[in-house]
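Okay, so here's the structure we're looking at.
No value in this document is a laboratory result; all are computed from the given coordinates. Source: prediction; values computed, not measured. Cβ: placed from backbone, ideal geometry, glycine included. Neighbour counts: every protein chain shown.
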Amino acid sequence: MKIDRFSPPGNLTDFNDALAVAWSDFISSQIDSEVDGLLSNSGIQPQFYNPSKLDVGSTPAPISWPAFPGVLKATFGDDPEKMFQEGEDRDNQDEYLEWSVIRENGKIKRVMFTCEGPEYWAFIAKKDPKLLVDLYTKIAGKPVPKKDLLSPGGTYRPRNKWNLQFAVHLIQSANNLGAEINIAAQATVLRRNAGHNPITDPIELIECSRFGVKERNSDPHIGDVVNQKARAGCSVALDNPIGLYIASLPKPADLKWKKPDGTQVGDYWKLERGDTNHIVRAVYEVPAGEKSNGKPFVVGDITIEGTPIAFGGQIANALRIKLTGLIGKQGVFHNKTFSCPGTFFAMTKPFSRG
Amino acid sequence: MIKEEQLELGDIQGAIIPGFRKDHSAIIAVRIQDVASCKKWLAKRASEVARGDEVLAFNRLYKSIRKRRGSEALAPHALWMSMSFSFDGLKLLRGEEIAPDAFDPAFVRGMFQSNVGDASPSRWVIGGSTETVPHILIVVAADDSAQLAAEVKRLRATIVAANGVVILGQPQQGATLDGDLRGHEHFGFKDGISQPAVRGTASNDPKDVIDERRLSPTDELFDVFASPGRVLVWPGQFVIGYNRQDRLELTKPRPPATPKLSWLRNGSYLVYRRLRQKPHVFWRFCTDSAKRLSKKTSKDISAEHFATLLVGRWPSGAPLARAPEADNPAVATDDDANNDFLFSERTPLVKLADGKIAGGTLPVASADANGLVCPFPAHIRKTNPRDDPSDTSGPRDTKTRLMLRRGIPYGPTKAAPRSLEDDGADRGLLFMAYQASIENQFEFVTKTWVNQENAPHDSDPATGQDPIIGQSSSPRFIRCALVDEKIQLPAPWIVTTGGGYFFTPSISAISNKLSV
């Protein structure tokens with residue numbers, strides 16, 4: 001079935017109808033740009049398509065990966081404290097999930113997670129600055145001055161102090177919807193190695209096509225799944241609403257995290273934006289009134305396998321991030337393979353996750 | 001040809017590499033009560049610990065004699081011992097030097113504190129609390145049960161005489177199953193077929209490789225596999241101090257880790273899990289499910305076939321990938337075929353050193369990227385997805401998650417393994433696996449793949465947890481191509497009843513550090 005209109009990420013209801021239409025047009029044009037790029041570079045019909053323009057009888061296929069940065073695990077895995085410390089830097093949070101932490105008396109009180117793409121917020125900033133301020137105020141729980149978000153000329157400041165404090169949306173340079181669309185598109189290109197054999201290994205593929213960073217969990221995995229389907233002759237698109245999402249909020253019985261008294265924690269998650277299948281913002285905080293040993297406690301008093309939560313990344317470590325592809329029928333395409341592009345092609349891609 | 005390093009097998013315990021491979025075993029759990037007495041006792045035990053070079057020499061001799069004689073009759077016998085230590089055990093022996101940041105984090109916290117899905121550690125036979133985690137874990141293994149019993153008796157006497165160490169509970173006996181089930185586990189499935197091959201040589205002769213290379217040097221996969229389907233892994237994934245497997249490279253190694261304590265070199269981490277199995281529950285479910293699904297699908301599904309979908313191999317050991325519809329004993333008994341398969345892609349034919357094609361005319365594995373032949377949640381596909389896409393970047397990363405498995409069954413062989421009657425016997429598997437990082441290997445595989453319903457393969461709907469060993473607070477289930485249904489699984493038929501995380505040090509570390 002063709003998608004009538006691309007919904008906002010997470011099926012968010014921030015927009016009026018005019019903005020919703022404009023957003024859909026924006027996403028559609030991003031996709032068309034990728035499809036056109038593939039067509040002009042390859043000369044053949046791309047397997048990546050725009051599902052608002054074509055109906056190929058596809059089925060949804062989730063692709064998910066661990067949320068804590070694979071790069072940090074590979075670099076600092078032998079030193080967990082260092083690893084989680086590095087993980088608190090938003091610029092190191094590169095698996096399409098970012099988080100910020102609020103502390104009280106040195107202990108973590110609240111951890112805020114976001115998968116919201118910067119394009120969504122830049123779009124709002126441009127189209128409806130009042131809405132921008134209203135949404136920021138709602139997220140922060142206090143009035144946010146417009147001047148903190150927009151320059152006098154009206155340019156949006158994504159790295160404003162409110163975003164840094166409350167993790168309103170993604171800011172790491174590789175975490176954006178354009179990159180998501182780009183990887184999905186580029187990964188539909190079938191590649192061959194120097195020996196003229198089809199490339200099937202995801203690391204070899206990402207090194208060849210250069211659509212991301214091979215050390216991450218996300219980029220090679222997205223590329224691997226998409227390319228595998230493309231090799232099987234399927235068309236591939238991204239499912240509506242296009243976005244990146246927290247796959248689920250883990251249950252206390254699975255986490256087995258402990259309160260100070262040694263008993264299992266309750267469910268301290270709050271889904272703040274999105275819906276249960278498309279979580280774009282979630283917060284982990286001990287509710288007021290919750291007690292342990294008769295006393296109130298905070299997130300920083302909770303232990304994970306005996307270790308107190310000192311970093312937001314320890315919670316991110318329990319999360320998975322997902323996107324959903326749309327996969328068409330097998331055997332429809334029989335595209336040829338392409339050799340690995342040179343530097344020039346890599347530089348002409350609009351969004352690079354690298 | 002890739003240059004491989006020589007392993008110091010004279011210093012690496014033989015339980016790690018090449019592994020004992022004995023029919024009889026006993027695990028003795030020891031607590032330290034007086035450090036000085038323990039050290040004196042340890043000093044005498046150090047020379048009794050089996051070295052890798054002598055175990056390898058024995059295994060090679062055994063193999064050549066068996067080949068020459070055509071049977072195991074009159075084969076040489078051996079008796080081996082290994083020693084491993086818990087974090088608390090090391091701390092007692094080495095004091096302040098034993099800091100958490102010098103060790104694998106999972107090892108430091110211990111298995112009963114780790115969230116690998118186990119219920120009720122307080123009810124474990126061993127290892128369920130700080131007080132019941134052994135400080136020292138001794139594994140004795142022998143070809144002959146009488147020789148094993150004598151050695152256990154001797155060791156017990158030394159422990160009593162030491163007057164500073166005590167045995168926790170009774171030694172845990174383990175033995176391969178009887179008769180036709182030798183080499184199988186208690187559900188009746190052949191076990192231990194797939195093991196990684198360790199890159200490296202036993203001496204400074206580059207041809208003296210530890211794990212035999214059966215592929216022809218002219219085959220393009222010669223540098224990737226030791227034998228058909230048996231992947232080569234750099235030794236640093238199993239023993240500290242050696243080149244490690246790089247999760248981004250096909251064959252190029254990652255440099256060795258530099259341990260904060262130099263004497264950790266040549267050591268490894270041991271995961272020990274006492275897994276109680278309930279064959280009657282397993283086969284009751286497979287029998288009932290086969291009947292129900294046969295009716296539902298109008299196909300004739302046997303209990304054995306259904307069980308095979310859960311495991312990924314037939315009871316004979318033949319992989320579903322190469323025997324999709326029925327068991328194939330010829331595949332099962334051919335060591336160049338029974339592990340030679342990929343999941344997602346078509347498995348290439350490989351040429352052996354003698355010029356023949358591995359597996360001869362046996363059916364090859366077709367590409368199964370959609371899980372139509374071997375279900376995604378099947379045990380062997382969950383624990384080692386091979387060439388499947390995985391959520392941590394794919395097949396090269398998967399190689400870094402492999403472990404050296406050295407387990408052995410315990411408890412009596414059930415007279416009729418597929419009987420639906422509960423004979424009340426305590427039986428199961430003494431799971432033992434060695435790796436350089438419990439956190440990144442055993443715990444990663446268990447937490448990120450086995451216990452998850454949507455990993456390493458994700459789909460909508462999800463395909464479920466590992467039906468054999470997966471644990472979850474939510475009701476477990478699987479989905480497979482056999483039927484369009486979320487097949488709910490009953491309460492686990494494998495339950496952890498003990499175990500722990502241990503460090504298996506080098507022989508020199510026992511002599512020069514732990515016993516002084």
If B:Gln13 passes every condition in (1) touching a helix residue (DSSP H, G or I) at 6+ places or on another chain (Cβ under 9 Å); (2) touching a residue at least 60 places away in the same chain (Cβ under 8 Å); (3) within 14 Å of another protein chain (Cβ to nearest Cβ); (4) within 23 Å of B:Met432 (Cα to Cα) but one, which one does it miss? (3)
Name the residues in the stretch A:194-219 that are free of Cβ contacts under 8 Å to residues at least 40 places away in the same chain, buried (at least 23 other Cβ atoms within 10 Å of the Cβ) and touching a strand residue (DSSP E or B) at 6+ places or on another chain (Cβ under 9 Å), would you? A:Leu205
Taking the stretch A:64-79 and keeping only residues that are within 11 Å of chain B (Cβ to nearest Cβ) and touching a residue at least 12 places away in the same chain (Cβ under 8 Å), one is left with A:Ser64, A:Trp65, A:Pro66, A:Ala67, A:Phe68, A:Gly70, A:Val71, A:Ala74
Answer yes or no: is there a residue in the stretch B:104-116 that is surrounded by fewer than 15 Cβ atoms within 10 Å (Cβ to Cβ), of a type outside the set (Val, Ile, Thr), within 22 Å of B:Asn451 (Cβ to Cβ) and within 13 Å of chain A (Cβ to nearest Cβ). no
Taking A:Leu39 as the residue in question, decide whether it is away from every other protein chain (no Cβ under 14 Å), farther than 23 Å from A:Val283 by Cα and either aliphatic (A, V, I, L, M) or exposed (fewer than 15 other Cβ atoms within 10 Å of the Cβ) (or both). yes
Of the residues in the stretch A:269-308 that are within 30 Å of A:Ala179 (Cβ to Cβ) and not in a strand (DSSP E or B), the one that is nearest to the other protein chains (Cβ to nearest Cβ) is A:Asn277
In the stretch A:3-36, the residues that are β-branched (Val, Ile, Thr), in a helix (DSSP H, G or I) and either surrounded by fewer than 20 Cβ atoms within 10 Å (Cβ to Cβ) or under 19 Å from the mean Cα position of the chain (by Cα) (or both): A:Val21, A:Ile27, A:Ile31
Kindly indicate whether any position in the stretch B:230-237 is touching a Leu at 6+ places or on another chain (Cβ under 7 Å) and more than 14 Å from chain A (Cβ to nearest Cβ). yes
Any chance you could count how many residues in the stretch B:174-214 are touching a Ser or Thr at 6+ places or on another chain (Cβ under 6 Å) and over 13 Å from B:Ile408 (Cα atoms)? 3
Within the stretch B:496-516, tally of residues that are of a type outside the set (A, V, I, L, M) and not in a strand (DSSP E or B): 7
Please count how many residues of the stretch A:71-111 are outside any strand (DSSP E or B) and among the hydrophobic types (A, V, I, L, M, F, W, C). 7
Restricting to the stretch B:177-199, count the residues that are out of contact with any strand residue (DSSP E or B) (no Cβ under 6 Å at 6 or more places or on another chain) and either closer than 17 Å to B:Asp426 by Cβ or of a type in the set (A, V, I, L, M) (or both). 5
Filtered residues of the stretch A:235-264 (kept if assigned to a loop (DSSP other than H, G, I, E, B) and either within 12 Å of chain B (Cβ to nearest Cβ) or of a type in the set (Lys, Arg) (or both)): A:Asp239, A:Ala247, A:Ser248, A:Pro250, A:Lys251, A:Lys256, A:Trp257, A:Lys259, A:Gly262
Determine the pairs where a residue that is on the phi < 0 side of the Ramachandran plot, located within the stretch B:478-500, has a partner that is acidic (Asp, Glu) with Cβ atoms under 8 Å apart, the partner being 6 or more residues away or on another chain. B:Arg479/B:Glu485; B:Thr496/B:Asp118
Of the residues in the stretch A:166-193, those that are within 14 Å of another protein chain (Cβ to nearest Cβ) and either assigned to a strand (DSSP E or B) or free of Cβ contacts under 8 Å to residues at least 60 places away in the same chain (or both) number 1
Step by step: first the residues of the stretch B:260-278, then only those that are closer than 19 Å to B:Ala29 by Cα and of a type in the set (A, V, I, L, M), then the one that is surrounded by the fewest Cβ atoms within 10 Å (Cβ to Cβ). Which residue is that? B:Leu275
